[in-house]
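A.B. asks: Mind having a look at this structure? Questions to follow.
Just so you know, all these numbers are worked out from the coordinates, no wet-lab data involved. Since the model is a prediction, treat every value here as computed from it, not as a measurement. When we count neighbours, we look across all protein chains shown, and the Cβ atoms used for this are built from the backbone with ideal geometry, even at glycine.
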Amino acid sequence: MIGIVDYNMGNLASVINAFEIVGAEIAVESDPSKLKNYDKLILPGVGAFGDAMEHLRENGMDKAVKEYASSGKPLLGICLGMQLLFESSEEFGNHKGLGLIEGKVVAFNESKFDHKLKVPHMGWNELFQKPVGEIPCDCPLFAGLDKEFYLYFVHSFHAVCDDKYAIGKTYYGYEFVSAVNKENIYGIQPHPEKSHENGLKIIENFVKL
């Protein structure tokens, strides 16, 4: 059974639908004490980082997610959910995150863009599996996908972290980290549930972990 963390930040319907398409048994969970009962966990999210952390802290869901991560069972953060995995964010102030992966979340630095682009970064863009030397990433989350493939993005902030955690990168004005992995913890900045066949493949791969 896969659990989706419900903390009143984002529409869960599209995530639920995508997991059901690949045949996964999934449930929405708003009780922190029950997270430990799931085999895998999804941390979704749409909105502002600070608001999300406040919602997670309201009933102890932040501690429950961190305890779940320490269990060794697979955890996947999607979009804002991926950003929450990091130590902090600079979105509308300075906010402390879950601290499950070392790094921080920053705004797109438009002064670094090689040409004028709109922020938020919205629409289809390529995720490049980060190579290890000349060998493509062998992360199981991307099994069966090309080295470069398109997914759907909507965000104004992105993660900055040690390259050892990056399993995917994307170019928008400059290169940024768009997917991460640390042991049993995974994060992906784009929305796999809105990314058609490629997104469904990622979801299917997560189900199989």
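A.B. asks: Rounded to the nearest Å, what's the spacing between the alpha carbon centres of the range 1-52 and the range 103-129? Just the number, please.
C.D. replies: Taking the Cα centre of each part, the range 1-52 and the range 103-129 sit 26 Å apart.
A.B. asks: With an 8 Å Cα cut-off and a minimum separation of 6 or more residues, compute the relative contact order for the range 2-208 in percent.
C.D. replies: Numbers: 438 pairs, mean separation 42.3, N = 207.
In percent, rounded to a whole number, it is 20.
A.B. asks: Among Ala24, Val154, Leu41, whose Cα projects farthest towards the positive end of the dipole of the range 2-208, with charges put on the beta-carbon of Lys, Arg (+1) and Asp, Glu (-1)?
C.D. replies: My answer, from the dipole projection, is Leu41.
A.B. asks: With springs only between Cα atoms under 10 Å, which of Gly168, Gly77, Gly123 fluctuates most in a Gaussian network model of the chain?
C.D. replies: Ranking Gly168, Gly77, Gly123 by mean-square fluctuation puts Gly123 first.
A.B. asks: Okay, moving on. How do 90-96, 48-54, 108-114 rank on mean C-beta neighbours within 10 Å, highest first?
C.D. replies: Numbers: 90-96: 13.9, 48-54: 19.3, 108-114: 11.3.
Taking the mean over residues of other Cβ atoms within 10 Å, the ranking is 48-54, 90-96, 108-114.
A.B. asks: Sum -39500 (n - 2.57) across every DSSP H segment of at least 4 residues in the chain, then divide by the residue count to get the 222 nm mean residue ellipticity, nearest 500. Each step should come with its number before you reach the end.
C.D. replies: Working: 5 runs with 47 residues, N = 209.
Estimated from H runs of four or more residues: -6500 deg cm²/dmol.
A.B. asks: With a sphere of radius 13 Å drawn around the Cβ of Leu151, what net charge do the other residues whose Cβ falls strictly inside it have (Lys, Arg +1; Asp, Glu -1)?
C.D. replies: Values: positive: Lys169, Lys194, Lys201; negative: Glu126, Asp146, Glu148, Glu193, Glu197.
Net charge in that neighbourhood comes out at -2.
A.B. asks: Does the range 141-209 come out rounded, prolate or oblate, given a ≥ b ≥ c as the square roots of the eigenvalues of its C-alpha gyration tensor, rounded meaning a/c under 1.5 and, failing that, prolate meaning a/b above b/c?
C.D. replies: Numbers: a/c = 1.76, a/b = 1.21, b/c = 1.46.
Taking the square roots of the gyration eigenvalues as a ≥ b ≥ c, the range 141-209 is oblate.
A.B. asks: Among residues other than Lys201 whose Cβ falls under 11 Å from its Cβ, what is the net charge (Lys/Arg +1, Asp/Glu -1)? Write down the numbers at each step before the final one.
C.D. replies: Numbers: positive: Lys208; negative: Asp146, Glu197, Glu204.
Summing Lys/Arg as +1 and Asp/Glu as -1 gives -2.
A.B. asks: While we're on this one: Need one number: nm distance between label points at Glu175 and Glu25, each 7 Å from Cα along Cα→Cβ, rounded to one decimal.
C.D. replies: Calculated label separation equals 4.3 nm.
A.B. asks: Hey, of (i) 24, 21, 16; (ii) 37, 17, 12; (iii) 31, 17, 13, which did the structure itself give for semi-axes √(5λ) of the Cα gyration tensor in Å when calculated?
C.D. replies: (i)
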